[in-house]
Structure formats: C-alpha cells, structure tokens
Amino acid sequence: MMRMSRRTLLRGAGVSLALPWLEAMAAGKPAAPVRMAFLYVPNGANMRAWVPEGTGRDYKLSKTLEPLKDLKDDVLVLSNLWNEASKAGDGHYVKESAILTCSTIKKTPGADLANGISVDQLAAQRVGKQTPLPSLELGITPTASGIDAAVGYTRLYGSHIAWSSPTTPLAREINPHSAYERLFRASGQRGSAGPMDRLLLDRVLGEANRMRAQLGAADRLRVDEYLSGMRSLEERLDRANSPQRNPWKPRVALDTKAQPEDREYGHADHVRLMLDVIALAFQSDTTRISTFMFGNAVSEVSFRFLEGVSAGHHDVSHHQKDEDKLRQYEIISRWHVQQFGYLLSKLRSMKEGDSNVLANSMILFGSALSDGDAHDPHKLPILLGGRGGGRIASGQHLIYPVDSPLSNLYVSMLDAFGTPVPRFADSTGQLAGVLA
C-alpha cells in the first residue's frame, strides 16, 4: 500500500482529493482541507492591557485577552512584529491598507492605486480553483470614496485589505443576507441557471464596460471595483460549466434556514453574522480563504452599545493618555477579542472526522497599528488561532526581537496552508516557533 506523510498529504490535499489513487493512501480517506482567514481590526488596540505575562506555554493572559481563556491551547500570541513597509506616510492608510501586502502604497488622491498582492490572494491564486469561491471578502462598512484631505490619500485604500494585484483591491460583501446567498449559489444548492446565468453576466459586464468609458477617474474606480467582483463570478461560472471542472462537493449541506433576513443590523449582530458566514464557508468547503474587516481605516463606528463606552472607535483611539478614553479603548479592544473567540469556538464545535474545523484552520486576528494615538506600527497586536491541520504550534506566547517582520508570519502560514514560498514581501524567512 502507498503511504504518504501527513505533511505531504496536507500540502497536496487540494490537488489529491480528485485523484483515484487516494484510496491507496495510508489513512484510507482524504485529509480535511486547511483553511485560512484574516480578521482585521482598525485603529489599533490599548496595548497596556494587551501583552500577556510570561512566555512559551507558561504564560498568563492579559485582561484584554482574557476572553480566550477556554481557547488558550488553540491560540498563538505573537509579540514584537511590525510591517516595515508601512513605517512612513500618514497615520492610517499607509499602514492599514498594507496589513496583508507588507508593501508601501502609492500616495494618490485618485484611481492610480498601487499596493502589493496580499497574502490571502497569493494563496487563492494557487489553490482557489479547488473550491467554488477562490476566496471570500467580507466587511461591515461600505467602501469609502473621496480624498482624505488631511493626508492626501484616497479613502479607497482604507476600505480594502485583500488585493489580487498591486492595482486591484477586491470588492467586499457587507450584507449578511447577500453573503449567505453567495455561499448557497456557489455550492449549487440554490440551483444554477447555467447558460442563462452566463448570458445575464455577459450583459452586465458589457454594460459596465461601456459605462466605464464615459466616466471620470473616481467613478471608473468604483466600476472597476464592481467588475473585480463580477470577474470572480465569471470564473466560477466558467468552472461550473466546464466538463473538466473539479468534482467538488460540499463537506456539509448548507441550511437555507440559517440565512439572515435582508435588513439592517446593529454593529454587534452584524459582526457575528459575518463571522457565521466564514464558519459556514469553511465547514462546507465553499472556500478555504477569507478576509474580514471589522471596519474601514479611521473607523468611527460607535461602541455606545458597550457598557462604559460613550464615543466612537477612532475618537477613543486618540486618547492623548486621557485615562477615561484609555479605559474605553480597552473595552473596545476586549470586545474585538471576544468576537475572535466567538469564531474560534464556533469552528471548534464543528466536528470533522476525529477532529474539528478549527484544528484544520488558521485564523489571524490583528491590527496594522498598536497604539492608535501614536499611529504606531511597532509591536503590533497579532493573534493566530487554530492548528492549521497540525502544522501550527499553538498554545504559546512567542516574543520576538523588536521589529521582527510580520511578513515572516505570512511565510509560515503559507507553508502550513500548502502553498509554500521562499519569501513574501520583505520577509527574511519563516517566523521561528510558529510551525510544529
């Protein structure tokens, strides 16, 4: 009987699933796929209540991280990472738009964007064809338009963390109802009109391209963003109608009763519903890659729904060492960690053979700033949940030399995901201690 190591199987699982000789492998059944998500928090965190006491496995969670006490063995706390490419420029956009690209964006007030390809999309380009959706981009706040006059950057930079190329940010879905609908249609459970879907899409794309030629630069950028989402749908339809398509099947059926109503939600409910979408997408294997933005850069989301908070997020992040604002900042930081814990717990509850979906996932949580008042890109608040199919040495607090590259973490994650690269952006290698 042919035998393969676990590492070999994990790295090749996406390709191997469709091969007939899988039945000859040692385990007798295909391994579960590895998933990867990136949860972005704007405006940094109150760092004085963030860093745990102690290192390695013998550490004590800080007050802000205390909501993760039941998940401690499934989480890595990573201290002293930074994104050097974002050290210059304005307070927010240069840093926050590059959290997944580790690149320096071009300063522009218009449509001539320039960033880098994000780590999620690098992985999606390699394995995205194995699932109905190559990746899933989610958010809460609509895409911002116009120029931030204070710094001279287009606000579009602050609305996207997923970039399929240096000039192409990916459109996000911000409506929970539509996000669920997208999963159902992608999985085929809503049915497919086949040629009719393709005909309708061709008409929409044709009209959008004709309209684009008559618009100004800012409006062309909005149309380009729309077209990027349509191209993803176009690619999915092409695969679905190809006789050589990957014989994908959902790992679990999607329950249409779980689809939320098409209405407005408060911020807390809105966030939870979007995290539910990620969990369902990963459990069903509709996609293995996702990004989620809790808010856009310079987010002024009101957190008055939290006891003890009376202001917006951006306002309290500029605390100027005011004790009351620092207290509110800490409450907001802790709330974001609670949402991270909610997703991890939900994934852990989803059984997958003798394991669970969290054990086969990597969920990054973090911000592109540490202290929001100083717009500080050093010592970023970064957490990594899940075990990546056994590749992640979770359950530790790892402290690195100050200003260690965040991109090194991404190199390690890409390796665990089965899409290894020799380097990413300004990386110098893998991040020590992350891989088991």
Exercise for the section: Report, by chain and number, residues whose modeled amide H sits under 5 Å from the one on Met36, excluding near sequence neighbours (fewer than 5 apart, same chain). Expected result: Ile289, Ser290, Met362
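Would you mind estimating how fast the range 336-423 diffuses translationally, via Stokes-Einstein at 4 °C and 1.567 mPa s with the Kirkwood radius over Cα pairs, in µm²/s?
Details: Rh = 14.4 Å.
Here the translational diffusion coefficient equals 90 µm²/s.
Please give the peptides 426-432, 44-50, 97-103 ranked by average Cβ packing (other Cβ atoms within 10 Å per residue), highest first, as a rough proxy for protection. Show your work: numbers first, answer last.
Working: 426-432: 16.0, 44-50: 22.1, 97-103: 26.1.
Top to bottom by mean Cβ count within 10 Å: 97-103, 44-50, 426-432.
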Fill in the blank from the handout: Contour minus Cα-Cα span, Val402 to Asp58, at 0.36 nm per residue, comes to 121.7 nm
Exercise for the section: Go through the range 402-407 residue by residue and turn each phi into a ³J(HN,Hα) via Karplus (6.51, -1.76, 1.60, θ = phi - 60°); whole Hz please, and just put x for glycine and proline. Expected result: 4, 6, 6, x, 4, 4
Problem - Glu261-Ala393 pseudo-label distance in nm [points 7 Å out on the Cα-to-Cβ vector] - result: 5.0 nm
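Please give the FRET efficiency for Tyr342 paired with Ser145, using the beta carbon to beta carbon distance and R0 = 25 Å, rounded to the nearest 0.05.
Details: r = 31 Å, r/R0 = 1.25.
Calculated transfer efficiency: 0.20.
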Completion exercise
So, for the Cα atoms of the range 289-364, Rg and Dmax in Å stand at 16.1, 51
Practice task
Using the Kirkwood radius over Cα pairs, work out the Stokes-Einstein diffusion coefficient for the range 33-184 at 37 °C and 0.692 mPa s, in µm²/s as a whole number.
Solution key: 186 µm²/s
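Could you work out the percent of alpha carbon pairs in the range 47-121 separated by over 21 Å, rounded to a whole number?
Working: 1322 of 2775 pairs.
Taking all Cα-Cα pairs of the range 47-121, the fraction more than 21 Å apart is 48 percent.
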Handout entry: Phi to ³J(HN,Hα) by Karplus 6.51 cos²θ - 1.76 cosθ + 1.60 over the range 372-380, Hz, x for Gly, Pro
Key = x, 5, 8, 6, 7, x, 8, 6, 5
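Bear in mind these aren't lab numbers, they're just calculated from the coordinates by the rules spelled out. These numbers were taken from a predicted model, which means no experiment stands behind them. Note that we place each Cβ from the backbone using ideal geometry, even for glycine, and neighbour counts take in every protein chain shown.
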